[in-house]
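Only one structure is covered here, and it is reproduced in the block below.
The values are calculated or read from the model by the stated rules, or taken from the named source; none is laboratory data. Keep in mind that this is a model prediction, so the values were computed, not measured. Cβ placement follows ideal geometry from the backbone for every residue including glycine, while neighbour counts extend to all protein chains displayed. When the accessible area is computed, the model is the full protein with side chains, heavy atoms only, and any ligands, DNA or RNA have been set aside. Shrake-Rupley method; radii C 1.70, N 1.55, O 1.52, S 1.80 Å.
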Amino acid sequence: MKQRENRRASDVFLKIVVAVVMIFVYAPVAVMVVYSFNNSRANMIWLGFTTQYYKQLFQDQYLWSIFGTTLIIAAVATAIGTVVGTLGAVGFRKHQFFGKELIHYSMYFPIVIPEIVLGVALLLFFDRMGIELGMPTIIIGNATLILPYVYITVNARLVGMDPSIEEASYDLGADRGYTFFHVTLPAIMPGVLSGAFMSFSLVLDELIVTSFLASARITTLPIKVYSMVKKGVTPEINALSTIILFVCLGCVAAWLIVGGIKQKREREAREKALNVD
């Protein structure tokens with residue numbers, strides 16, 4: 001009897017903890033969404049419902065140009081980080097060489113060290129090399145930041161991969177390139193996509209490293225929002241953030257739906273094969 005009561009009390013406590021965590025995480029997001037419809041330029045108190053700031057947002061060419069620059073940086077940095085991280089994880093798994101363990105653990109440094117340290121280090125490096133700050137330096141810095149995330153997710157996928165699949169491909173006469181693109185890459189694709197999505201979201205809201213590597217001519221959305229904090233974030237920023245939020249939620253929902261449909265078809269195909277046998 002006491003065990004049952006203790007179990008119930010534990011279940012209730014865990015549910016309360018989960019509810020508090022969910023409120024702590026998502027309450028600010030909900031406030032942002034609600035205040036994007038607030039009829040107040042100061043955006044400090046609720047004065048009524050309006051959609052005028054969404055209309056102003058779509059007419060604000062400067063803000064959209066900043067957002068476009070941010071998307072370009074995020075897309076290019078994610079592409080570089082994903083390709084380099086994936087190839088690095090595959091190469092580290094297949095080859096043995098001196099210093100492999102040292103290089104493997106050094107991949108975690110950008111995650112462990114504070115971003116301000118990475119930003120200062122990259123700034124000093126580009127200054128010593130005589131490289132002018134701008135979009136290329138921002139892309140390189142962000143790609144360096146996200147590289148470990150891709151490496152870790154892909155490496156975790158490779159650990160659970162059966163090496164006999166690749167060996168079978170080689171035995172059937174396939175070369176390394178064909179085996180990588182038709183056997184290895186499809187097997188690790190969930191890890192690659194997970195690392196890519198995580199990297200894109202990290203670069204999209206990266207402020208510290210970007211602020212160190214940006215020139216006066218380049219402004220990203222996080223830098224713009226940070227510069228507006230002293231005066232107060234305008235409703236247009238809330239509206240843009242709300243649009244980004246729902247676009248991301250839509251992409252996640254589409255990904256889950258497509259994945260569910262694919263799993264359903266695979267399950268039906270297996271059941272059909274079993275019935276035929």
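How would Ile244, Ile188 line up by accessible area, probe 1.4 Å, largest first?
Ile244, Ile188
What the phi angles of the range 255-272 give under the Karplus curve with 6.51, -1.76 and 1.60, with θ = phi - 60°, is a coupling list of 4, 5, 5, 4, x, x, 5, 5, 5, 5, 5, 5, 5, 5, 5, 5, 5, 5 Hz, glycine and proline written as x. The alpha carbon radius of gyration of the chain, expressed as a multiple of 2.2 N^0.38 Å, is 1.29. Placing a pseudo-label 7 Å from each Cα along the Cα-to-Cβ vector at Glu101 and Glu271 gives an inter-label distance of 5.0 nm. The aspartates and glutamates within cross-link reach of Lys15, meaning a Cα-to-Cα straight distance under 18 Å and a gap of 8 or more places when in the same chain, are Glu5. Taking the 1.4 Å solvent-accessible surface of the range 132-234 as the whole, the part contributed by carbon and sulfur is 65%. Computing FRET efficiency as 1/(1 + (r/R0)^6) for Phe246 and Val83, where r is the C-beta to C-beta distance and R0 is 25 Å, gives about 0.30. Between the range 71-87 and the range 1-63, how far is it from one alpha carbon centroid to the other, in angstrom? Taking the Cα centre of the range 1-63 as reference, the centre of the range 71-87 is 31 Å away.
Remark: the range 60-272 carries 59 Å² of accessible area per residue (probe radius 1.4 Å; ligands, DNA and RNA excluded). Label sites at Val18 and Val31, each approximated as a point 7 angstrom past Cα along Cα to Cβ, lie 2.6 nm apart. Straight-line reach from Lys224: taking Cα to Cα under 13 Å and skipping same-chain neighbours fewer than 8 places apart, the aspartates and glutamates in range are Asp205, Glu206, Glu236.
Taking Cα centre as origin and charging only the Cβ of basic (Lys, Arg, +1) and acidic (Asp, Glu, -1) residues, the dipole magnitude of the chain rounds to 820 debye. Among the trypsin sites (Lys or Arg not before Pro) found in the range 190-277, those both in a DSSP coil and sparsely packed, with 12 or fewer other Cβ atoms within 10 Å of their Cβ, are Arg217, Lys230, Lys231. For the range 187-252, the square roots of the Cα gyration tensor eigenvalues, ordered a ≥ b ≥ c, give a/c of at least 1.5 with a/b no greater than b/c, which places it in the oblate category.
On the beta carbon distance between Met129 and Asp205, with R0 = 22 Å, the FRET formula returns roughly 0.20.
With R₀ set to 22 Å, the beta-carbon distance separating Arg41 from Ser65 gives a calculated FRET efficiency near 0.50. The phi torsions of the range 85-98, fed into the Karplus equation with coefficients 6.51, -1.76 and 1.60 and a -60° offset, translate into couplings of x, 5, 5, x, 5, 5, x, 5, 6, 8, 10, 10, 7, 5 Hz, rounded to whole numbers, with Gly and Pro shown as x.
The HN-Hα couplings worked out from phi for the range 150-163 by the Karplus form 6.51 cos²θ - 1.76 cosθ + 1.60 (θ = phi - 60°) are 5, 4, 5, 5, 5, 5, 5, 5, 5, 4, x, 8, 6, x Hz, whole numbers, x standing for Gly and Pro. Most tightly packed first, judged by the mean number of other beta-carbon atoms within 10 Å of their residues, the peptides 136-142, 18-24, 82-88, 176-182 read 136-142, 82-88, 176-182, 18-24.
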